[in-house]
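Peer 1: Starting off with a structure, shown below.
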Amino acid sequence: MIMLCFFILLTSFIALQPFKITSFADSFTQAVTILPWRKGIQTSDTASEADLQLLPKADVAAELFEKVRSLSREEGLQDIQLQRSEKGVVMTLKDQLLFDSAQADFSNDAFPRLEKIARLIRRLQVPVEIGGHTDNQPIQTAQFRSNWDLSTARAVRVLRYLIEEQQIEPQGLAAVGFAEFHPVTRNDSPEQRAMNRRVEFVFQNER
């Protein structure tokens with residue numbers, strides 16, 4: 001039976017014109033993604049459902065977004081924005097929710113919110129990139145020589161808190177400083193600059 005199926009499949013491919021075979025392969029590649037942290041299916045009598053998991057890329061992203069949104073509500077996270085990106089799901093917090101102006105130390109009101117974010121990360125079990133962003137106003141203080149320094153220090157401060165205080169596994173975390181170079185809007189008014197000063201948690205689609 002196996003040999004017969006193989007012969008039928010082989011005959012079908014031979015009958016296809018070359019450009020149709022290429023189109024089929026491209027369509028299949030674009031339609032599905034293999035979860036990359038699976039290094040390969042280990043030989044066993046029965047392959048597990050997780051090992052065989054093939055999901056359309058759009059479904060993977062949509063499922064993660066819905067999960068982040070649902071769990072954020074369960075944790076009572078407020079004053080956040082969620083959106084999808086190529087990397088995954090971006091959760092944005094205005095910088096004033098975590099930090100005082102031009103500082104990389106947490107404000108007193110930051111800790112309850114950070115505890116909720118830590119629980120969210122533990123429940124999701126996906127890699128998280130923490131990004132610090134500033135507006136375009138130059139900064140030069142004794143502590144921070146530029147917006148690069150400030151944005152990076154804030155991202156690293158969040159990362160260290162999650163690892164040291166909340167015992168989040170460091171292998172799944174990354175911290176990046178973007179300074180003023182990835183704004184979400186123009187910097188033409190105080191309100192716009194406030195929108196650009198932010199901390200982002202990117203819950204990634206893939207490990």
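Peer 1: Treating only the Cβ of Lys, Arg, Asp and Glu as charged (+1, +1, -1, -1), what charge dipole size does segment 56-204 show about its Cα centre? Round to the nearest 20 debye.
Peer 2: Value, rounded to 20: 180 debye.
Peer 1: Just to be sure I follow: if Rg is taken over the C-alpha atoms of segment 100-195 and Rh is the Kirkwood radius over the same atoms, what is Rg/Rh?
Peer 2: 1.00
Peer 1: Taking amide H positions as placed 1.01 Å from N in the peptide plane, with prolines and chain starts having none, which residues 5 or more places from Phe99, or on another chain, fall under 5 Å of its amide H?
Peer 2: Counting only residues 5 or more places away or on other chains, the set is Ser107.
Peer 1: Treat every Asp and Glu Cβ in segment 94-134 as -1 and every Lys and Arg Cβ as +1, leave all other atoms uncharged, and give the resulting dipole magnitude about the Cα centre to the nearest 20 debye.
Peer 2: The calculation lands at about 340 debye.
Peer 1: Counting other Cβ atoms within 10 Å of each Cβ, which trypsin sites (Lys or Arg not before Pro) in segment 130-170 have at most 13 and sit in a DSSP loop?
Peer 2: Arg145
Peer 1: Hand me the chymotrypsin sites (Phe, Trp or Tyr not before Pro) from segment 114-185 located in a DSSP loop with no more than 15 other Cβ atoms within 10 Å, in residue order please.
Peer 2: Phe181
Peer 1: Moving on to the next point. Cross-link list Lys87/Lys116; Lys57/Lys94; Lys94/Lys116: which exceed 18 angstrom alpha carbon to alpha carbon?
Peer 2: From Lys87/Lys116; Lys57/Lys94; Lys94/Lys116, over 18 Å: Lys87/Lys116; Lys57/Lys94.
Peer 1: Kindly state, to the nearest 0.05, the FRET efficiency for Gln171 paired with Gln96, given R0 = 35 Å and r defined as their beta-carbon distance.
Peer 2: That gives a FRET efficiency of 0.70.
Peer 1: Counting only DSSP beta bridges with both residues in segment 60-193, tell me the antiparallel percent, nearest 5.
Peer 2: 50
Peer 1: Starting from the exponent 0.38 and prefactor 2.2 Å, build the expected Rg for segment 156-204 from its residue count and divide its actual Cα Rg by it.
Peer 2: Working it through for segment 156-204, the quotient is 1.43.
Each value in this text was obtained by applying a stated rule to the coordinates, not by laboratory testing. Since this is a predicted model, take the numbers as computed values, not measurements. So basically every Cβ, Gly included, is an ideal-geometry build from the backbone, and we count neighbours across all protein chains shown.
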